[in-house]
Amino acid sequence: LLGLAFTAVGLRRWVVPLRWDVDRRRWAALVRAGIPIGLAYLTFTLLLRLDTVLLGVIAGGEDSSEVGVYGAAFRLLEGTFFVSAAIASAMLPWFAVSGGEDRRRTSTGFELGLKLASGVLMPVGIAFIALAEPIVDLLYGESYEEAVLPLRLLGVAAVTFGVNNVIATALPARDLPQRFLRIAA
């Protein structure tokens, strides 16, 4: 509620006043436009959780230590998601404002977003790969030494998730959410 109040005051003060009346005739178009975006994010969220579910099924459900070990490594990767989300959010106005008539500006912004995400997350991914053992020992202790290999394998994903987040922001901003839905699927 505080966030909503702050947003309403900020919009009124610096952008435009909010209209508090609701025009229900516009809902159908808004819902139709939002369905591909919602499905894409749902698909991507399922993809992020599918690996743990599959590992639990493969392990047989009796001994969940493999799931716990993998989960420990995945939590470290998941801790990097805010970086790519921040980069993609910072790039969103660029993607949304630069119109189709200015393809060079759009591609420059997209390239900048990809370089920024890769440049920031590449050292993190390399650290996960090269320093997995000391990282796991420091954060989890010796009892999680089996998480070293999963962390090394997930180190590559740090950059790919960053790139994916930039793409996931750029395509809907350019009114192309169906393309991201296909990529996520």
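The values are calculated or read from the model by the stated rules, or taken from the named source; none is laboratory data. No experiment lies behind these values; they were computed from the predicted model shown. Please note: Cβ atoms are built from the backbone with ideal geometry, for glycine as well, and neighbour counts cover all protein chains shown. Only protein heavy atoms, including side chains, enter the accessible area calculation; ligands, DNA and RNA are left aside. Shrake-Rupley method; radii C 1.70, N 1.55, O 1.52, S 1.80 Å.
Listed by first and then second residue, the pairs linking a residue in the range 163-176 that is touching a residue at least 12 places away in the same chain (Cβ under 8 Å) and farther than 14 Å from Ala96 by Cβ to a residue that is of a type in the set (S, T, N, Q) and open to solvent by less than 30 Å² (accessible area, probe 1.4 Å), with Cβ atoms under 9 Å apart and 6 or more places separating them unless they lie on different chains, are Val163/Ser84; Asn164/Ser84; Asn165/Ser84. Based on this model, can you work out whether Leu171 counts as crowded, with 20+ Cβ neighbours inside 10 Å and modelled with pLDDT under 85? Against the criterion (crowded, with 20+ Cβ neighbours inside 10 Å and modelled with pLDDT under 85), Leu171 qualifies.
Among the conditions (1) in a helix (DSSP H, G or I); (2) closer than 28 Å to Ile37 by Cα, the only one that Glu146 does not satisfy is (2). When restricted to residues that are surrounded by 12 or more Cβ atoms within 10 Å (Cβ to Cβ) and among the β-branched types (Val, Ile, Thr), the range 20-50 contains 3.
Looking across the range 56-81 at every residue that is of a type in the set (Ser, Thr, Tyr) and modelled with pLDDT of 80 or more, the one that is least open to solvent (accessible area, probe 1.4 Å) is identified as Thr80. For Asp51, indicate whether it is in a loop (DSSP other than H, G, I, E, B) and of a type outside the set (A, V, I, L, M). Taking the combined requirement at face value, the residue does not satisfy it. For the condition of a type in the set (Val, Ile, Thr), open to solvent by less than 40 Å² (accessible area, probe 1.4 Å) and either within 30 Å of Ile135 (Cα to Cα) or in contact (Cβ under 8 Å) with a residue 40 or more places away in the chain (or both), Val53 does not qualify.
When each of Ser143, Ser64 is tested for being without any contact (Cβ under 8 Å) to a residue 24 or more places away in the chain, out of contact with any helix residue (DSSP H, G or I) (no Cβ under 9 Å at 6 or more places or on another chain), hydroxyl-bearing (Ser, Thr, Tyr) and over 22 Å from Pro177 (Cα atoms), the lone residue that passes is Ser143.
Beta carbons closer than 7 Å, at least 6 apart along the sequence or on distinct chains, pair a first residue in the range 7-35 that is under 29 Å from Phe180 (Cβ atoms) with a second that is open to solvent by 70 Å² or more (accessible area, probe 1.4 Å) and not in a loop (DSSP other than H, G, I, E, B) for Leu18/Arg12.
Return the total of residues in the range 107-162 being over 18 Å from Arg75 (Cβ atoms) and open to solvent by 60 Å² or more (accessible area, probe 1.4 Å). Within the range 107-162, residues that are over 18 Å from Arg75 (Cβ atoms) and open to solvent by 60 Å² or more (accessible area, probe 1.4 Å) number 12. In the set (1) touching a helix residue (DSSP H, G or I) at 6+ places or on another chain (Cβ under 8 Å); (2) surrounded by 12 or more Cβ atoms within 10 Å (Cβ to Cβ), the condition left unmet by Pro17 is number (2).
Which of the residues that make up the range 70-92 are under 29 Å from Ser107 (Cα atoms) and hydrophobic (A, V, I, L, M, F, W, C)? Within the range 70-92, Leu77, Phe81, Phe82, Val83, Ala85, Ala86, Ile87, Ala88, Ala90, Met91, Leu92 meet the criteria.
When the test is whether a residue is within 29 Å of Leu54 (Cα to Cα), out of contact with any Lys or Arg (no Cβ under 6 Å at 6 or more places or on another chain) and part of a helix (DSSP H, G or I), Leu76 passes it.
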